[in-house]
Structures are given as C-alpha cells and as structure tokens.
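Structure first, commentary second.
The values are calculated or read from the model by the stated rules, or taken from the named source; none is laboratory data. Just so you know, these numbers come straight off a predicted model, no measurement behind them. FYI the Cβ positions are ideal-geometry reconstructions off the backbone, even for glycines, and counts take in every protein chain you see.
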Amino acid sequence: MHGLEGRRPAARSSGTPGRSRRVLTFQPIPARRLWLVYLLLAAGLGGLALRLAWVQLVQGNELLTRARAVQTQTISPLGRRRPIVDRQGRLVALDEERFTLWAHPRYFAFPGDDIGRLRSPLDVARKLSAVLALPMADLVRSLDGRKSGVKLATDLDPETAQRVRNLGISGLDLEAYPQRVYPQGGLFANVVGFLNLERVAQAGLEQSRDRDLRRHEATRSLRRGADGTPLPDGLRAGVLYGDDLRLQLTLDARLQQVAQLALSKQVKQWQAKRGVALVMDVRNGELLALASTPTYNPNKFWSYKPGLFREWSVQDLYEPGSTFKPINLAIALQEKAIDPAGKVSDTGQLTIGGWPIFNHDRKGNGVIDFPTVLQVSSNVGMVQAMRRVKPTRFWHWLHTLGIDSTPDTDLPGAQAGQLKTLEVFRTQPIEPATAAFGQGFNLTPLKLVQLHAMLANGGRLVSPHITRGLRSGEDLATAPPASGLQLFRPEITQTVLNWMETVVEKGSGKGVRIPGHRIGGKTGTAQKAENGVYIPGARITSFVAHLPINDPRYVVLVVVDEPKGGNAYGSTVAVPVARQIIEALLVIEKIPPTRPTAAAAPNTANKPKRT
C-alpha cells in the first residue's frame, strides 16, 4: 500500500500538444500508524462489549422493570360487591354503575372540526348544560381559566353518561365507579347496614359479612405493543374470572313491610321511644321479619344520627317481665316441681326476704290453676309456683338456657344477657322470686324470641339467623332442616302452649284472636330499669304469640319501649301490632284454618285485659 507522498508536474506528451498528465507516487504507511488504528478499533469494540455486558447482566432487571412499566397498564379492581336479596329474591342491596365527568379544556373539539381547532368553554357549556341539567353559567365558571382535570359532575347515572358520550366532544372523560344502592330504603336498614362514601362498610351485614360480600376481583396487568395494541400475555390464570353470587336473607320483604308500618304507627300513637317486631320460624331459627323503629334510609345515611345505625333488639338488654312466665312454668314442669293439673294460692301480695311483691292490680285471684296464672298474669301465683323449684336448679336452668351468654346468631353485635351469680341467687330469696315473673335479670328481644321458639318446637333451642348464605345467579336456597339442642321434653312444651292458648281465648291476648286459627300468646308490661335502678313511670310493653298451636311453626314478638299514657300495657300497645303481623303471616305462608270459623268468637266480643 502506498500513500500520496507528493505531487510533481508530469511531462508533456509529444503526441498530444497542449495537454498534461499527473503522476502520483505512493509511499508506504508506517507500521506504528496501523497499530494505532488497530488498537483504537479494538478498544472501541471492547468498550461496546463491556457496555453490552453491563446492560444485560447488571442493569438487565432494572431496565426490564422500566420497560414493563411503560408497556404494561395496571388495572386495579373497583371493589364491586355482591347483591343482597330477601328470601324470595327481591333486591335489598346492589351495586349500580355511576360516573364522574372530567373536563380537559385544552382538548375541546366537536365532531367534524378541523384538526387543531380548539373550542371555547362557552361552546362546550352550551351543549352540556341541558344534558347535565346544570346552569350554563356555572359550567363556564368552572371551566374558565383551567386547562385540564376539571370535575364537572359526579354520581351520574348510566343514561346521563351515555347522553354525554353521544355528544362526541373531545376533552370530556367519564370515570366509572360502583355505588351501593338500597332499593328497599329503610325497610332493611337495621340489619343490612350501609357503606359510607368511601365504600367502607359501617354497620349491619355489610360490615359483619364484608368479606363474603366482596366480589372476586384481581388486579389486572395488561401489556401493550408499541402501537398501543393490547397483548394477550401477562394475564394470570383466573384473573378475568367473575362471580354472580348473591347473599340471600331469610327475611321476607312483604312481611317486613307490614311489621314496619304497623310498628311505626303504634310507636307514634303512643309516643314511644322505639319498638321492634320479630317473626321466627321455630323449626330452624330463620327470622322472617325483624322490623325496628325508628329507622333510617341507608341511601342518605348522612342525614341521620349515628345512634340509629345499630339494631337495639340484638344489642340492648331489658327485663322481659310477664312474657318470660311461660318459660319459667316449663322449667318447673321439667323439674317436676309442679303438677300440670295443680293450683296455687294467689293472695294478691306477699313478702319475700323483707321485700313486698304485688300483682299488677294488687288484687288476689284466690286458688287458681296455671292456665289462669297466665291469663291474669299473676306475679304472686308465679312466685308460689317457682318456690317449688330449688334456687340452685332455677339458676342452673336460666344459665343453661343461655340468659348470660351470647346467642349463636349471624346477626351482628348480638349481646349476652345479665344474670345474678349463683351465690346471690341461692342466698337472697328475693332474686329467684323476682325472676319468677321475669324481672331481676336482663336479655335481648332476640334471646326472648329464641326461648319462645324452643317452647313452640318441642323443646329444641335453635339458633336465630337472618341469612341463608351465598347463592349463584337467580338460584334461591331452600329452608334448612329442623335443628337445635333438645332441652325440654316435648310433652312439657305442648302443655305450656295449651296454657298460652287460653290467654288468647280468655285472657289479655284476646286482641289477636282470628276466627279459625289456634293462637297462643302472653302479654307483658315490665318496669324499665337503668343502671340497676327502676325509672319511675317508664315501662316496656310486649306480646309474644305462637301459631298455630296444633302444629307450631312461628313465633311473633313485639316490644314497644316507653309508651306514654296511663293505659299503656302489652295488651293495648303491643297486641294490635302483633295481630296485623299475624294476619299477614297467615296469608303469606298460606296457613290454613285449623277449626271451623264459627267456633271462634268475634275479636271485638271482649275487651283486652291489662297486664
């Protein structure tokens, strides 16, 4: 190889006058220069190799992560929840899609506009005003001077959102989100509860069954190509799976509404503090109705006092009074302390341990049998009967029945009752005496209806509950079979039920007499205690009914707290509510008459007695 070392003039050719030819002389390149070029090239290639190794081996994971972040779109779950339905499949709670409308004025354009043309906020406001039902001036004021990220409206329903889409305006963005809706309003609020604005469960089943009500949703990572095309890889197995499960209640919306209306009317009429009505299937413990007043609308929970968000019939304790007398008589029969055909002497008053005990009217009834004890609601007669049961055995039965333990239930917040200690019960005669007529201990209305269900089903203690579990699609769960722990002999409970039937036929429960149907019951009017001290003039009125007596299936309990008026008794306040519920129950559950209609006396023939 030679280089161009220099130039010299070429000799003029003899055959071509006037033209000249250049002659180039090549000189050899020094070896040092070749080696230098070689070393420079080798160093460059070596550097590239080292850099490549560094990128692949050292920075590979970091760069891969950064690339995935650019290529992958992560879609977080919206937190959708499963619906809640009643025993007939009627919707009680569901998620509905709602939208938030965002505006980005720097991108405003109408369909058909030239590329690059930018519409003014006024142009957009003219079209949006009618769709959103908002004043145009307000929309312009919100958009004026803003470039992006302007929230124009929230809580838009799907129909309104579609009308916004149909406008085709560039620069408008609809963000979807689920919203919990309660179609029945306040009908089931006391047991279902609600979600707050951040979709956090705050009360009722929404809170206690929060995990069960959350739909199966997973975070999705969607990979996209260079042009934005979604790629199928990167999705884990099952990530697209969704379920159609619903939580089914045992409650019946029809019966719940009847109970709610009847209870609210009576509470208002008597200016009472509150009230509750429960209907239980005695065979399996299912609650068909649990109506409470006052209540609230879970769709607008922020308008109500937080004290309404708890179901007091499950959490608050009270003295059951005379409605507990049938339970005590069953205990005495089970202990063989009394004879079903026996009698007691009712003198109207007596003294126990220095404490006086009176009947509600302070009158004696003479020597009476046990059906009459219930009919006239004799406190003295009950004390005389329960005196034949040893105090330790009496306390043992109250403890065994679960007075002082939390009921086994799916109702949120259920509380245990209060029972004096065995030592106090054994050494202080006044304690078993007052317990004989349902005072001196506390329980919840839920616990009382559970114990009366035990009388109605032949002596089995069933677990009260309001859910049947999760079901798929439109499928509905059937009622569970009969269950429960056997505590009383069936013949004993049937004897007590027959006695309770006489209360409806001849005593203070006449207000629920329905021609052709055998119904048993017991009224109650108890003093109200607070912090161990009875409140002067404060009462809790109640009534419990069993039907039909020949084949008991349901127990109805109505409790009204602090009704006003001198004539406020279980027979005047609670019985009318129970009657309306029973009439609806007979129709809804298709319970046929058990005897000829003529055999039943008209309901208005006798005036209810006070108890």
Return the pairs, sorted by first residue and then second, in which the second residue is of a type in the set (Asp, Glu) and assigned to a loop (DSSP other than H, G, I, E, B), the first residue lies in region 331-350 and is closer than 17 Å to residue 389 by Cβ, the beta carbons are less than 9 Å apart, and the residues are 6+ apart or on different chains. 333/339
Failed item, numbered, when residue 447 is tested on (1) assigned to a helix (DSSP H, G or I); (2) under 30 Å from the mean Cα position of the chain (by Cα); (3) surrounded by fewer than 24 Cβ atoms within 10 Å (Cβ to Cβ): (3)
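Filter region 90-112 for residues that are part of a loop (DSSP other than H, G, I, E, B), touching a residue at least 40 places away in the same chain (Cβ under 8 Å) and loosely packed, with under 13 Cβ neighbours inside 10 Å and give the result. Before you say what the answer is, go through the steps one by one.
Narrowing region 90-112 to residues part of a loop (DSSP other than H, G, I, E, B): 90, 104, 108, 110-112.
Then keep just the ones that are touching a residue at least 40 places away in the same chain (Cβ under 8 Å); that gives 90, 104, 108, 110-111.
Scanning region 90-112 gives a single hit, 111.
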Quick one: is residue 323 under 44 Å from the mean Cα position of the chain (by Cα), surrounded by 15 or more Cβ atoms within 10 Å (Cβ to Cβ), among the β-branched types (Val, Ile, Thr) and in a helix (DSSP H, G or I)? yes
In region 96-128, the residues that are out of contact with any Ser or Thr (no Cβ under 8 Å at 6 or more places or on another chain), of a type in the set (A, V, I, L, M) and under 26 Å from residue 181 (Cβ atoms): 128
Any idea which residue in region 284-315 is farthest from residue 250 (Cα to Cα), counting only those that are in a helix (DSSP H, G or I) and hydroxyl-bearing (Ser, Thr, Tyr)? 303
Output the strands (runs of 3 or more DSSP E) that fall wholly within region 471-580 and possess 2 or more residues being among the small types (Gly, Ala, Ser) and out of contact with any helix residue (DSSP H, G or I) (no Cβ under 7 Å at 6 or more places or on another chain), or say none. 533-547
If you go through 535, 514, the only one that is crowded, with 16+ Cβ neighbours inside 10 Å and either more than 28 Å from the chain's Cα centre (by Cα) or of a type in the set (Val, Ile, Thr) (or both) is 514
Condition set hydroxyl-bearing (Ser, Thr, Tyr) and surrounded by fewer than 12 Cβ atoms within 10 Å (Cβ to Cβ), scope region 61-82, selection modelled with the highest pLDDT: answer is 65
Kindly list, by first and then second residue, each pair from a residue in region 472-493 that is closer than 30 Å to residue 338 by Cβ to a residue that is charged (D, E, K, R) and part of a loop (DSSP other than H, G, I, E, B), limited to pairs with Cβ atoms under 6 Å and residues at least 6 apart or on different chains. 482/283
Checking the condition assigned by TED's automatic domain parsing to the domain that holds residue 406, among the hydroxyl-bearing types (Ser, Thr, Tyr) and touching a helix residue (DSSP H, G or I) at 6+ places or on another chain (Cβ under 8 Å), which residue from 427, 444 passes? 444
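Is it true that residue 367 is surrounded by 20 or more Cβ atoms within 10 Å (Cβ to Cβ) and farther than 27 Å from residue 444 by Cβ?
no
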